[in-house]
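The values are calculated or read from the model by the stated rules, or taken from the named source; none is laboratory data. Source: prediction; values computed, not measured. Every residue, glycine as well, gets a Cβ built from its backbone with ideal geometry; the counts of neighbours run over all protein chains shown. Each accessible area value is taken on the protein alone, full model and side chains, heavy atoms only, with ligands, DNA and RNA left out. Shrake-Rupley method; radii C 1.70, N 1.55, O 1.52, S 1.80 Å.
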Amino acid sequence: MNTLSESPVYYHGTKANLKTGDLIEVGFVSNYGSKRKSKYIYLSETLDAATWGAELAFGEEKERIYIVEPTGAIEDDPNVTDKKFPGNPTKSYRSQHPFKVVGEVKDWQGHSPEQLKMMKDHLEKLREQGIEAIED
């Protein structure tokens, strides 16, 4: 149970193999879209949003969800809040400041194969239309 004095718990979904104390930073090739260098890194207060991040990340590595602490300012993620979910019900954020890995969620439930296929098909249609999944 969080009280007003406690900080929220933030999650980051990826296929990167990290350990406690590692920093997740901007400037690396993005896990999504056209694989360009990312200007932002992303986190969420919900396991569902982090699950999507892990499941949709490029690569063949194991899907992982890390518990992270932002080291600087965070802002609402306009990729979902402005376009899909006004008011930020997904509690998704982005930052240009590193996130420190403080733990890993080991027991999490992925989306169904049908949900995952629907999302990947949707992202492919957007790509075919020239719409980038992540707009920096």
Determine, yes or no, whether LEU43 is at pLDDT below 95 and closer than 12 Å to SER92 by Cβ. yes
Anything in the stretch 89-122 that is assigned to a loop (DSSP other than H, G, I, E, B), out of contact with any helix residue (DSSP H, G or I) (no Cβ under 8 Å at 6 or more places or on another chain) and of a type in the set (Lys, Arg)? List them, or say none. LYS106
Mind checking which residues of the stretch 48-71 are open to solvent by 30 Å² or more (accessible area, probe 1.4 Å), modelled with pLDDT of 95 or more and under 16 Å from ARG94 (Cα atoms)? ILE67, GLU69, PRO70, THR71
For the stretch 41-55, which residues satisfy the criterion of being within 9 Å of the chain's Cα centre (by Cα) and either basic (Lys, Arg) or part of a helix (DSSP H, G or I) (or both)? ALA49, ALA50, THR51, TRP52, GLY53, ALA54
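Residues are listed down the side, and each one gets a yes or a no for (1) at pLDDT 95 or above; (2) within 13 Å of the chain's Cα centre (by Cα); (3) of a type in the set (D, E, K, R):
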site	(1), (2), (3)
ASP77	no, yes, yes
TYR93	no, yes, no
GLU104	yes, no, yes
MET118	no, no, no
LEU126	no, no, no
ALA133	no, yes, no
